[in-house]
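Quick note: the coordinates plus some simple rules give every number you see, no bench work behind them. Note that this is a predicted model, so its numbers are computed, not measured. Counting neighbours? That spans all protein chains shown, and the Cβs are built from the backbone with ideal geometry, glycine included.
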Amino acid sequence: MAGAGYVALLRGINVGGRNVVRMADLRAAFEDAGYEAVGTYIQSGNVLFESAVPPTSLEFDIERVLADRFGLSVVVVVRSHRQYRDVVDRAPEGFGTEPDIYHSDVIFLKAPLSSREAMRVVDPRDGVDQVWPGEGVLYFSRLSERLSRSRMSRIAGSPLYQSMTIRNWRTTTKLLSLLDQRVEED
């Protein structure tokens, strides 16, 4: 392995016909920027890669690459394999285990936004929403049969939303399995 394994979560790529970027072009942009073992997962801006660059500069560097290459100003949240594993392992008990009953999402927070600060904009609806703070994330679960009553959209209306990106639980756990596979193959 040339460097540590990471996942970059790009906010707002290929959503609602906006910020359209082909995954092949996204992979090429990462490779041209010097990142290695680049792979993508689904069309919504999930990039797995390896890098020897200090992790503290990765988000800024990737945001600059996207601006230069595609003219896009998007928020990028990067987590190392270990950090990402912690997100999944530290989820509340039972979180994401009943997908037919609950929509379960992980809201990834871009530093310096903390889960404590992010919780201030969350106003869960009793009997519909549940939310738990985590390290650099919020875990948000919504009762599927009352989805239209969820207050998840209030988060998107907050100025703090500019420092967040959301992934459903299935995507979150799939990305971890892809990171794990990379380690097993080395």
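See the values below:
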read-out	value
Nitroxide proxy distance, nm - points 7 Å out along Cα→Cβ at ARG90 and ARG22	4.0
Tensor-based shape of the range 85-168 (alpha-carbon gyration tensor, a/c under 1.5 rounded, otherwise prolate or oblate)	oblate
Normalised contact order of the range 55-141, rounded percent, pairs of Cα under 8 Å and 6 or more residues apart	26
Inter-centroid distance (Cα atoms) of the range 165-186 relative to the range 141-155, Å	25
Estimated inter-spin distance, ARG69 and SER114, nm [label 7 Å along Cα→Cβ]	3.4
Given charges at beta-carbon only (K, R positive; D, E negative), |dipole| of the chain in Debye	740
Förster radius 35 Å - calculated FRET efficiency between ARG82 and ARG149 (Cβ-Cβ, nearest 0.05)	0.40
Cα gyration tensor category, rounded, prolate or oblate, for the range 52-93 with a/c compared to 1.5	oblate
